[in-house]
Amino acid sequence: MLLKSIISLSRRQKSSILIAVDLLLVPLSFCLALLLLSEGSATLSLILSHVLELPLLLVEAGVLSHLLGLSQIKLRDYQGEAVTRSAVLAAALTLTSALQSRFAAVDQASGQHVVFGLLYFTAFFFTRVGLTQLLIAIYRNARTLSRVAIYGAGRTGMALARELRDSDDFVVCAFLDDNATLAGMTMNGVPIHSGVHAARVIEQYKINRVILAMPSVSTDKQTFLSKRLENLGLQVHSLPAFTQIHGGKELLDLLRPVGTAALLCRDPLSHELTAGRNAYRDAKVLISGAGGSIGLELCRQVVACRPRKLVLYELSELALYNAEAEMRVLAESTGVEIVPVLGSVADRVQVMQVLEQHGIEIVLHAAAYKHVPLVEVNARAGMANNVLGTAVLARAAREAQVKRFVLVSTDKAVRPGNLMGASKRLAELIIQDLAARPGHTLFSIVRFGNVLGSSGSVVPLFQEQIARGGPVTLTDKRVTRYFMTIQEASRLVLLAGSFAEGGEVFVLDMGKPVKIIELARRLIESSGFTVRDVHNPDGDIEIVTTGLRPGEKLHEELMVRKGAQTTAHPKIISVREDHLSELATAAALRDLREAIERGTDADVIAVVARAVPEYAPQSLPSEALQCQVVQAQRAGRATELPAE
């Protein structure tokens, strides 16, 4: 508790203690100088005869210590100039003592003022050094404390601060709050700072952990704050339900970081991208869909590789604005040129202009409509963007002699049961066709499962439902999915782009698929609640099933063919899968364009069914359309995928 008491002192309190020490040294040094030069005189009477000289010396010591900033200098920084300042203070006290003695006609031993000054300087110096060594010893021998800032100075924040005050593991150094009227105030001895100054506060108090004590704030806002604080190198915790805290042990359990990687049930891919960094260093890179979940994380990691130029290609104006703003900040320290481009990858004229104008060498294609139910009921828009957009960008990249092109795909492309998966499989077939042709560009595909925390994924949805008090909705208790973190997904894309030889489909060894119902349970429990079911009727949040959504499968796969090969990375697998011939690919694209121009979803779906024979729709709006799909697939057997 001694360490915690010292750490919890504010800067003002620490300065006050140092000034008090500086003042205390004045009478001690003065009396010791008298004794050393008294030559056996009566000690008490000698001190009493000079006691009137001390008040002025004390006042001068306090004023000069403040003016010279000696009380503001941290103990570990007491060196060089700081020592010189303390020497100036000692010299000033020496001069004052001599002048005071002369004008008061006090009889003093010769050299007493000089001895007083030397003693004061020596005591000052060794006191500072001693305090520094004492603090170092305390830190080394005591357990490490977490220096905490609480984001949210409301009732929940105050209650949390009171709870943490009794903990031996945490010390609350500051509050952060977006309410500007609270800035500068103090609550229970803890200062409140504006949230916009978080970086400065973290540096000032050496914060290593932030707790979001704002249960009423939306999940999106908490996610935004969490990412912003994590980018500052902090551990971030949320406090969705402070009412669940009943004691220190439960509080500490609740404050453990609930990282998305903990939901994977396996070791995440976290190795440094040594080879990947070299592949992107000094390169000119274009990332399509740069404002999306995957695209934005790709931008962050690519900037860290220090490319010469990064082109952000994005259809959404708001997403592009936010992505550019973040990349500008990250690029300040790396010198990367950031170029925002607003447009569609299906616009061939613009795509060619951008590739040629900026001399793009690497394309990471992450732009796609990915939400299964939305694409299922918007077939034309989904196919136009996911398939035709991929064809335009990939062919333009080949024509512009881009060195590498990486398509970001999904496990839903394997034996697709919905239009989104079928669109991604057709996009894969386009890339595989281009990879099989001679040319300057190396084409590759990256395929992965669900990305934890991405927009529209189950984790943010479950978290929002938990924050509202439930229930948590589940489509089917049997549903399983492969999961990876957004950082893993981005690393996989970059690695694929760095060692692809052309035509590969890269997948991550993602271990066993995760049961969604178990994922929901872990999220509920990690938020401080209990699951309400037949075994625990008094629980907090219930899990209810709603039935599979249109196009949703119970289980996903990562590859069709067997015989996967290892790569330079032990967790990344390379597979080569069957694909259409060049003529069949061209015919499929021609038919798809015509169907989209005719404006009927049925014709679009029929084209997809012919081009992707393994497409097995889980649900279609009518029996007639289902029959049309079957007939189209039967008619398309002549273009059966040839084995490589």
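Of the residues screened, Val363 is one that is within 19 Å of Val408 (Cβ to Cβ), touching a Lys or Arg at 6+ places or on another chain (Cβ under 9 Å), among the hydrophobic types (A, V, I, L, M, F, W, C) and not in a loop (DSSP other than H, G, I, E, B).
Residue-wise test of (1) at pLDDT below 90; (2) of a type in the set (Val, Ile, Thr); (3) touching an Asp or Glu at 6+ places or on another chain (Cβ under 9 Å).
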residue: Arg404; (1), (2), (3): no, no, yes
residue: Thr410; (1), (2), (3): yes, yes, yes
residue: Val414; (1), (2), (3): yes, yes, yes
residue: Met420; (1), (2), (3): no, no, yes
residue: Gln432; (1), (2), (3): no, no, yes
residue: Gly449; (1), (2), (3): yes, no, yes
residue: Gly456; (1), (2), (3): yes, no, no
residue: Phe462; (1), (2), (3): yes, no, no
residue: Ala467; (1), (2), (3): yes, no, no
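Before we move on, is Ser71 modelled with pLDDT of 70 or more, assigned by TED's automatic domain parsing to the domain that holds Tyr120 and in a loop (DSSP other than H, G, I, E, B)? So Ser71 passes the test.
Conditions tested, residue by residue: (1) over 28 Å from Ile516 (Cα atoms); (2) in a helix (DSSP H, G or I); (3) in contact with a Gly (Cβ under 7 Å, 6 or more places away or on another chain).
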{"position": "Val402", "(1), (2), (3)": "yes, no, no"}
{"position": "Phe405", "(1), (2), (3)": "yes, no, no"}
{"position": "Val408", "(1), (2), (3)": "no, no, no"}
{"position": "Lys412", "(1), (2), (3)": "no, yes, yes"}
{"position": "Arg415", "(1), (2), (3)": "no, no, no"}
{"position": "Met420", "(1), (2), (3)": "no, yes, yes"}
{"position": "Lys424", "(1), (2), (3)": "no, yes, no"}
{"position": "Leu429", "(1), (2), (3)": "yes, yes, no"}
{"position": "His440", "(1), (2), (3)": "yes, no, no"}
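The rows are residues; the columns are (1) touching a residue at least 60 places away in the same chain (Cβ under 8 Å); (2) buried (at least 23 other Cβ atoms within 10 Å of the Cβ); (3) of a type in the set (D, E, K, R); (4) in contact with a Phe, Trp or Tyr (Cβ under 8 Å, 6 or more places away or on another chain).
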{"position": "Val339", "(1), (2), (3), (4)": "no, no, no, no"}
{"position": "Leu342", "(1), (2), (3), (4)": "no, no, no, no"}
{"position": "Val345", "(1), (2), (3), (4)": "no, yes, no, yes"}
{"position": "Gly359", "(1), (2), (3), (4)": "yes, no, no, no"}
{"position": "Leu364", "(1), (2), (3), (4)": "yes, yes, no, no"}
{"position": "Lys370", "(1), (2), (3), (4)": "yes, yes, yes, no"}
{"position": "Pro373", "(1), (2), (3), (4)": "yes, no, no, no"}
{"position": "Arg380", "(1), (2), (3), (4)": "yes, no, yes, no"}
{"position": "Ala384", "(1), (2), (3), (4)": "yes, no, no, no"}
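Against the numbered list (1) surrounded by 14 or more Cβ atoms within 10 Å (Cβ to Cβ); (2) modelled with pLDDT of 80 or more, Lys477 comes up short only at (1). Of the helices (runs of 4 or more DSSP H) entirely within region 202-314, those holding at least 1 residues that are modelled with pLDDT of 85 or more and of a type in the set (Phe, Trp, Tyr) occupy 274-280. Among the residues making up region 347-357, those that are assigned to a helix (DSSP H, G or I), surrounded by fewer than 18 Cβ atoms within 10 Å (Cβ to Cβ) and not basic (Lys, Arg) are Val349, Gln350, Met352, Gln353, Glu356, Gln357. Just one of the listed residues (Glu488, Glu464) is acidic (Asp, Glu), assigned by TED's automatic domain parsing to the domain that holds Val372 and under 28 Å from the mean Cα position of the chain (by Cα), namely Glu488. Just one of the listed residues (Arg468, Arg481, Arg491) is basic (Lys, Arg) and closer than 17 Å to Ala413 by Cα, and it is Arg481.
Considering each residue of region 321-342 in turn, at least one proves to be more than 26 Å from Met420 (Cα to Cα) and touching a Gly at 6+ places or on another chain (Cβ under 7 Å). The residue that is modelled with the highest pLDDT, among those in region 524-572 that are over 23 Å from Arg478 (Cα atoms) and exposed (fewer than 15 other Cβ atoms within 10 Å of the Cβ), is Asp538. With farther than 17 Å from Thr122 by Cα, in a loop (DSSP other than H, G, I, E, B) and at pLDDT below 75 as the only criterion, which of Glu53, Glu39 stands out? Selected residue: Glu39, the only one of Glu53, Glu39 that is farther than 17 Å from Thr122 by Cα, in a loop (DSSP other than H, G, I, E, B) and at pLDDT below 75. Between Gly421, Gly470, the distinction of being at positive phi and surrounded by 19 or more Cβ atoms within 10 Å (Cβ to Cβ) belongs to Gly470 only.
Report, by residue number, each residue of region 376-398 that is of a type in the set (S, T, N, Q), touching a Ser or Thr at 6+ places or on another chain (Cβ under 8 Å) and closer than 14 Å to Ala588 by Cβ. Across region 376-398, the qualifying residue is only Asn386.
The values are calculated or read from the model by the stated rules, or taken from the named source; none is laboratory data. Source: prediction; values computed, not measured. FYI the Cβ positions are ideal-geometry reconstructions off the backbone, even for glycines, and counts take in every protein chain you see.
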